[in-house]
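S.K.: Here it is: the structure, laid out below.
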Amino acid sequence: MDWIQELAHEDFDQVARSAPPAAIADGLAAAFRSEQTPPFGQMLGQLFGNSQASQRADILNSLLRTIGPGLLAQILARHGAADASPGSQGEVTPEAAQKVPPQAVQELAEDAEKKDPSIVDRISHAYAAQPEIVKTLGKAALAIAMAQILRKQYAGR
């Protein structure tokens, strides 16, 4: 990790500690939508790969509610994770979510965003409480997120 990346992490830590979760979610959504960062699906796949089992299940269930069980099952099967489809309760369990590769989540996110662009906001809120995971997105995404967070925090002053 170079010194610029380390500085971005430290700055993001400082901003995230003082910002309300809604501001962090707005910043993350801005990074997801920016033309200066990779596409939403790719970034979500990266976050998913760095997430714990329960967070992975939450993300998959958010995507499931957007794209439906049929498309979810098709995409999971294509990525060798057919056994991670929703269980009898209609949701993906944390245990099943551990079997899903980030590439499948990337594809799921791309389809979900096409169907309902507000998925970006819902996913952003889900990760707003996880700044350590958000830091894995890299310096461009962190810079965009921090700029948006600071704009929101200081807009009312």
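S.K.: Within the set of pairs 6+ apart or on separate chains, which have a first residue in segment 135-156 that is modelled with pLDDT of 85 or more, a second that is part of a helix (DSSP H, G or I) and among the acidic types (Asp, Glu), and C-beta atoms under 6 Å apart?
M.R.: Every condition considered, the pairs that remain are GLN148/ASP26.
S.K.: Here's another thing I want to ask about it. Tell me, yes or no, whether segment 2-13 has at least one residue that is among the small types (Gly, Ala, Ser) and at pLDDT below 95.
M.R.: Yes, the conditions are met somewhere in segment 2-13.
S.K.: Sticking with this one: What are the residue pairs meeting all of these: first residue in segment 11-24, first residue within 10 Å of PRO131 (Cβ to Cβ) and in contact (Cβ under 8 Å) with a residue 12 or more places away in the chain, second residue β-branched (Val, Ile, Thr) and surrounded by 13 or more Cβ atoms within 10 Å (Cβ to Cβ), Cβ atoms under 7 Å, and 6 or more apart or on different chains?
M.R.: The qualifying pairs are VAL15/ILE149; ALA16/ILE24; ALA19/ILE149; ILE24/ILE149.
S.K.: Among the numbered conditions (1) under 17 Å from the mean Cα position of the chain (by Cα); (2) more than 24 Å from ALA128 (Cβ to Cβ); (3) not aromatic (Phe, Trp, Tyr), tell me where ALA77 comes up short.
M.R.: (1)
S.K.: Say whether the condition of being buried (at least 16 other Cβ atoms within 10 Å of the Cβ), farther than 23 Å from SER118 by Cβ and not aliphatic (A, V, I, L, M) is met by at least one residue in segment 71-89.
M.R.: Checking segment 71-89: at least one residue is buried (at least 16 other Cβ atoms within 10 Å of the Cβ), farther than 23 Å from SER118 by Cβ and not aliphatic (A, V, I, L, M).
The values are calculated or read from the model by the stated rules, or taken from the named source; none is laboratory data. Note that the coordinates shown come from a computational prediction; the quantities given were computed from them, not determined experimentally. Methodologically, a virtual Cβ is constructed for each residue, glycine included, from the backbone with ideal geometry; neighbour enumeration extends over all protein chains shown.
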